[in-house]
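Take a look at the structure set out below.
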Amino acid sequence: MIYLLDSAVLRYIHNVNCLILVLYEEQKYSMTLPFQLMELLNNEELSDIISWLPSGLGFLIKDKRRFASEVMPVYFKQSKYTSFTRRLNRWQFVIREHGHKKASYFHPQFNRGDRESCMKMSPIPRKQSYK
């Protein structure tokens, strides 16, 4: 049995398939560390703990202790600051310490409002342990 579909139905099917593909791509990228960071940096309620640098070319964690206890459990499902910095290193962020309380972080493709460049970021592959 052969069904003939008119052009309106075909356009609708095409549009639905495109929407599904776009949503899949967004979900895939939104789970990465850079996209999680972009989300929380855009949350003004956290600006006393973490914020974009004025230039928008990096971000500043203003209070590491509060970041670990208040922000990390919500956004990253962990609360160890050293684990967070290890993940940043894996994503090739450059870290600049400002004493024991503050630190700023930079990556050439991680800039305020630039989601397209953020999508191009990739982590250093993990070394596999052989047993």
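Just so you know, all these numbers are worked out from the coordinates, no wet-lab data involved. All of these numbers come straight from a predicted model, not from anything done at the bench. We place every Cβ from the backbone using ideal geometry, glycine too, and count neighbours over all the protein chains shown.
Mind running the shape call on segment 27-105? Use the C-alpha gyration tensor, a ≥ b ≥ c as the square roots of the eigenvalues: rounded below 1.5 for a/c, prolate if a/b tops b/c, oblate otherwise.
rounded
In a shell of Cβ-Cβ distance under 13 Å around Ser69, excluding Ser69 itself, what net charge do Lys and Arg (+1) and Asp and Glu (-1) give? It works out to a net charge of +2. The order of the peptides 101-107, 57-63 by mean Cβ neighbours within 10 Å, most packed first, is 57-63, 101-107.
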